[in-house]
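Chemist: Before I ask anything, here is the structure I am working with.
The values are calculated or read from the model by the stated rules, or taken from the named source; none is laboratory data. Computed from a predicted model, the values in this text were never measured in an experiment. Here the Cβ positions follow ideal geometry from the backbone for every residue, glycine too, while neighbour counts run over all protein chains shown. All accessible areas refer to the heavy atoms of the entire protein, side chains included, with ligands and DNA or RNA removed. Shrake-Rupley method; radii C 1.70, N 1.55, O 1.52, S 1.80 Å.
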Amino acid sequence: MADNSFGTLFRFTTFGESHGPAIGCIVDGVPPRLPLSEEDIQPFLDRRKPGTSRFVTQRREADQVKILSGVFEGVTTGTPIMLMIENTDQRSKDYGDIANTYRPGHADFTYMAKYGIRDYRGGGRSSARETASRVAAGAIARLILNHKIEAHKIGDQKISTGVQVRGAVTQIGPHRINRDNWHWPECENNPFFAPDPEIVPVWENFLDETRKAGSSAGAVIEIVADGIPAGIGGPIYNKLDSELASAMMSINAVKGVEIGSGFDLAHIPGVEAGDEIRLDDDGKPVFSSNHSGGILGGISSGQPITCRFVVKPTSSILTPRQTITDDGRETEVVTKGRHDPCVGIRAVPIGEAMMAVVLADQLMRHEAQCGPLGQ
């Protein structure tokens, strides 16, 4: 497969399969002399790892990251950083019955059509297990962002005190949060990354009933980056919003992406959609709204960068589904094993990581062409 890499100057390549001995990534383009250890990466992997609640897969993986290269005496050397995460809780026998059967909604059929071979154990390379590597790369991207943007100034004016990339689940199945109740710290107080505490019991009951019915549910995830100065991005083919859309669509099971108000802009009148600009008491530009999601003409505006994506219902369910085999027979399949009733829940740290990766890469490309921000 030739499409295992993402990014331009900040670039990572992932490797490994769901039931192989290990997964990981090689991160290239990281500036030298940046303090880095496993402790800087592990907290983000802990937020994504399986087995953290009854609402996600019960596969038990420590997701313990090891740095194998690119760091010397606690700092990056400017050479490729290799990160490895061992797989320790594979149950390949769960997939023996479907070795020759294509699971509906999965990549089994398309992988076979493309390569003529597939790893049926947990989906192999197409498994969401691969996303742990992205989260590890995203942790390094966050360090780069904060290293470069912390205390950023234009003239004597301080316009940024660091970057914060956060995500939340805003909808599971038909049940949406009340945005008036949005409180970021709540996302770390419940298993759903929900910013609205009142929605938690609703989602608990809904997912319990969904699992009992042998089905699954989709979700909407919102990712917000605060502290990104104006000026990052490209005006034509490397637009910041187009690269964010590409990054989010590369996540397993994602079927739609929107920036800012997204599809709602179809029914918002132009007099409201334009995000008017004024000056505050310090002469700093301020916007009346953020329908554009912090991006204008493919370039960051200095507002919070907002992106949402939808994750389809988990394809692995216990209800029998019609399908075919690789030798051309019609049959039914039941996907056994340990699966998330809603894969969107664990997509929050993945979406955060992909946002951080895109921003770090865009920032480094900006500096390569235009020099440090504000100069």
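Chemist: In the stretch 147-168, what residues are more than 18 Å from residue 293 (Cβ to Cβ), modelled with pLDDT of 50 or more and β-branched (Val, Ile, Thr)?
Modeler: Within the stretch 147-168, 149, 161 meet the criteria.
Chemist: Under 6 Å between Cβ atoms, which residue pairs at least 6 apart in sequence (or on different chains) link something in the stretch 1-18 that is at positive phi and touching a residue at least 60 places away in the same chain (Cβ under 8 Å) with a partner that is surrounded by fewer than 16 Cβ atoms within 10 Å (Cβ to Cβ) and among the aliphatic types (A, V, I, L, M)?
Modeler: What qualifies is 16/22.
Chemist: On to the next question. Determine whether the stretch 334-355 contains at least one residue that is assigned to a strand (DSSP E or B), farther than 21 Å from residue 219 by Cβ and over 19 Å from the mean Cα position of the chain (by Cα). Break it down stepwise before answering.
Modeler: Residues of the stretch 334-355 that are assigned to a strand (DSSP E or B), as a first pass: none.
No, the stretch 334-355 has no match at all.
Chemist: Let me ask something else about it. I'd like the residue in the stretch 254-273 that is among the hydrophobic types (A, V, I, L, M, F, W, C) and closer than 20 Å to residue 354 by Cα and, out of all such residues, is surrounded by the fewest Cβ atoms within 10 Å (Cβ to Cβ). Don't jump to the end; show me each part of the working.
Modeler: First, the residues of the stretch 254-273 that are among the hydrophobic types (A, V, I, L, M, F, W, C): 254, 257, 259, 263, 265-266, 268, 271, 273.
Applying the additional criterion that residues be closer than 20 Å to residue 354 by Cα yields 254, 257, 259.
Working: 254: 22, 257: 19, 259: 22.
Among them, the one singled out is 257.
Chemist: In addition: Working carefully through the options 351, 328, 302, find the one that is among the small types (Gly, Ala, Ser), touching a Gly at 6+ places or on another chain (Cβ under 9 Å) and on the phi > 0 side of the Ramachandran plot.
Modeler: Working: 351 fails: on the phi > 0 side of the Ramachandran plot; 328 fails: touching a Gly at 6+ places or on another chain (Cβ under 9 Å).
None of the other options fit; the residue is 302.
Chemist: Quick one: residue 109 ticks every box in (1) modelled with pLDDT of 95 or more; (2) open to solvent by 30 Å² or more (accessible area, probe 1.4 Å) bar one, so which box is it?
Modeler: (1)
Chemist: Go through the stretch 76-99 and give me each residue that's open to solvent by 50 Å² or more (accessible area, probe 1.4 Å) and at pLDDT 85 or above. Don't jump to the end; show me each part of the working.
Modeler: Of the stretch 76-99, the ones open to solvent by 50 Å² or more (accessible area, probe 1.4 Å) are 77, 79-80, 82, 86, 88, 90-91, 93, 97.
Scanning the stretch 76-99 gives 77, 79, 80, 82, 86.
Chemist: Moving to a separate point now. Condition first: touching a residue at least 12 places away in the same chain (Cβ under 8 Å), open to solvent by 60 Å² or more (accessible area, probe 1.4 Å) and closer than 30 Å to residue 284 by Cβ. Now tell me which residues in the stretch 185-242 satisfy that.
Modeler: Within the stretch 185-242, 235, 236, 238, 239 qualify.
Chemist: Let me ask something else about it. Just the residues that are within 19 Å of residue 361 (Cα to Cα), touching an Asp or Glu at 6+ places or on another chain (Cβ under 9 Å) and either in a helix (DSSP H, G or I) or at pLDDT below 95 (or both), please, taken from the stretch 242-296.
Modeler: Once the filter is applied, which keeps residues that are within 19 Å of residue 361 (Cα to Cα), touching an Asp or Glu at 6+ places or on another chain (Cβ under 9 Å) and either in a helix (DSSP H, G or I) or at pLDDT below 95 (or both), the stretch 242-296 yields 243, 245.
Chemist: Testing residue 307 on (1) in a loop (DSSP other than H, G, I, E, B); (2) buried (at least 18 other Cβ atoms within 10 Å of the Cβ), one condition comes back false. Which one is that?
Modeler: The single condition residue 307 does not satisfy is (1).
Chemist: Next question, about the same structure. Can you give me the number of residues within the stretch 15-31 that are open to solvent by less than 10 Å² (accessible area, probe 1.4 Å) and more than 20 Å from residue 363 (Cα to Cα)?
Modeler: Step one: list which residues in the stretch 15-31 are open to solvent by less than 10 Å² (accessible area, probe 1.4 Å), which gives 18, 20, 23-25, 27, 30.
Going one step further and asking which of them are more than 20 Å from residue 363 (Cα to Cα), we end up with 18, 20, 23-25.
Here the count works out to 5.
Chemist: Would the stretch 334-348 turn up any residue that is modelled with pLDDT of 95 or more, in contact with a Phe, Trp or Tyr (Cβ under 6 Å, 6 or more places away or on another chain), open to solvent by less than 30 Å² (accessible area, probe 1.4 Å) and within 13 Å of residue 169 (Cα to Cα)?
Modeler: Yes, there is a match, as at least one residue in the stretch 334-348 is modelled with pLDDT of 95 or more, in contact with a Phe, Trp or Tyr (Cβ under 6 Å, 6 or more places away or on another chain), open to solvent by less than 30 Å² (accessible area, probe 1.4 Å) and within 13 Å of residue 169 (Cα to Cα).
Chemist: I would also like to ask the following. Of the residues that make up the stretch 34-53, is at least one in a loop (DSSP other than H, G, I, E, B), at pLDDT 85 or above, under 19 Å from the mean Cα position of the chain (by Cα) and of a type in the set (D, E, K, R)?
Modeler: First, pick out the residues of the stretch 34-53 that are in a loop (DSSP other than H, G, I, E, B): 34, 36-37, 49-53.
Restricting the remaining residues to those that are at pLDDT 85 or above gives 34, 36-37.
From the residues that got through so far, the ones that are under 19 Å from the mean Cα position of the chain (by Cα) too are none.
No, the stretch 34-53 contains no residue that is in a loop (DSSP other than H, G, I, E, B), at pLDDT 85 or above, under 19 Å from the mean Cα position of the chain (by Cα) and of a type in the set (D, E, K, R).
Chemist: Considering only residues of the stretch 179-200 that are in contact with an Asp or Glu (Cβ under 9 Å, 6 or more places away or on another chain) and part of a helix (DSSP H, G or I), which is nearest to residue 222 (Cα to Cα)?
Modeler: 179
Chemist: Would you pick out the residues in the stretch 23-42 that are under 29 Å from residue 124 (Cα atoms) and among the charged types (D, E, K, R)?
Modeler: If the condition is that a residue be under 29 Å from residue 124 (Cα atoms) and among the charged types (D, E, K, R), then 28, 38, 39, 40 are the ones that fit.
Chemist: Farther than 30 Å from residue 198 by Cβ, at pLDDT below 90 and open to solvent by less than 20 Å² (accessible area, probe 1.4 Å): which single residue out of 118, 125, 103 fits that description? It would help to see each step written out before you state the result.
Modeler: Working: 118 fails: open to solvent by less than 20 Å² (accessible area, probe 1.4 Å); 125 fails: open to solvent by less than 20 Å² (accessible area, probe 1.4 Å).
103 is the lone residue from the list that is farther than 30 Å from residue 198 by Cβ, at pLDDT below 90 and open to solvent by less than 20 Å² (accessible area, probe 1.4 Å).
Chemist: Is it the case, given these coordinates, that residue 130 is of a type in the set (Asp, Glu), open to solvent by 40 Å² or more (accessible area, probe 1.4 Å) and either modelled with pLDDT of 90 or more or out of contact with any helix residue (DSSP H, G or I) (no Cβ under 9 Å at 6 or more places or on another chain) (or both)? Lay out the reasoning, then the answer.
Modeler: Details: of a type in the set (Asp, Glu): yes; open to solvent by 40 Å² or more (accessible area, probe 1.4 Å): no; either modelled with pLDDT of 90 or more or out of contact with any helix residue (DSSP H, G or I) (no Cβ under 9 Å at 6 or more places or on another chain) (or both): yes.
The answer is no for residue 130.
Chemist: Scan the stretch 227-234 and tell me whether some residue there is assigned to a helix (DSSP H, G or I), touching a His at 6+ places or on another chain (Cβ under 7 Å) and closer than 22 Å to residue 309 by Cβ. Let's see the steps before the verdict.
Modeler: First, pick out the residues of the stretch 227-234 that are assigned to a helix (DSSP H, G or I): none.
Taking every residue of the stretch 227-234 in turn, none turns out to be assigned to a helix (DSSP H, G or I), touching a His at 6+ places or on another chain (Cβ under 7 Å) and closer than 22 Å to residue 309 by Cβ.
Chemist: Taking residue 302 as the residue in question, decide whether it is open to solvent by less than 50 Å² (accessible area, probe 1.4 Å), over 30 Å from residue 208 (Cβ atoms) and not hydrophobic (A, V, I, L, M, F, W, C).
Modeler: Numbers: open to solvent by less than 50 Å² (accessible area, probe 1.4 Å): yes; over 30 Å from residue 208 (Cβ atoms): yes; not hydrophobic (A, V, I, L, M, F, W, C): yes.
Yes.
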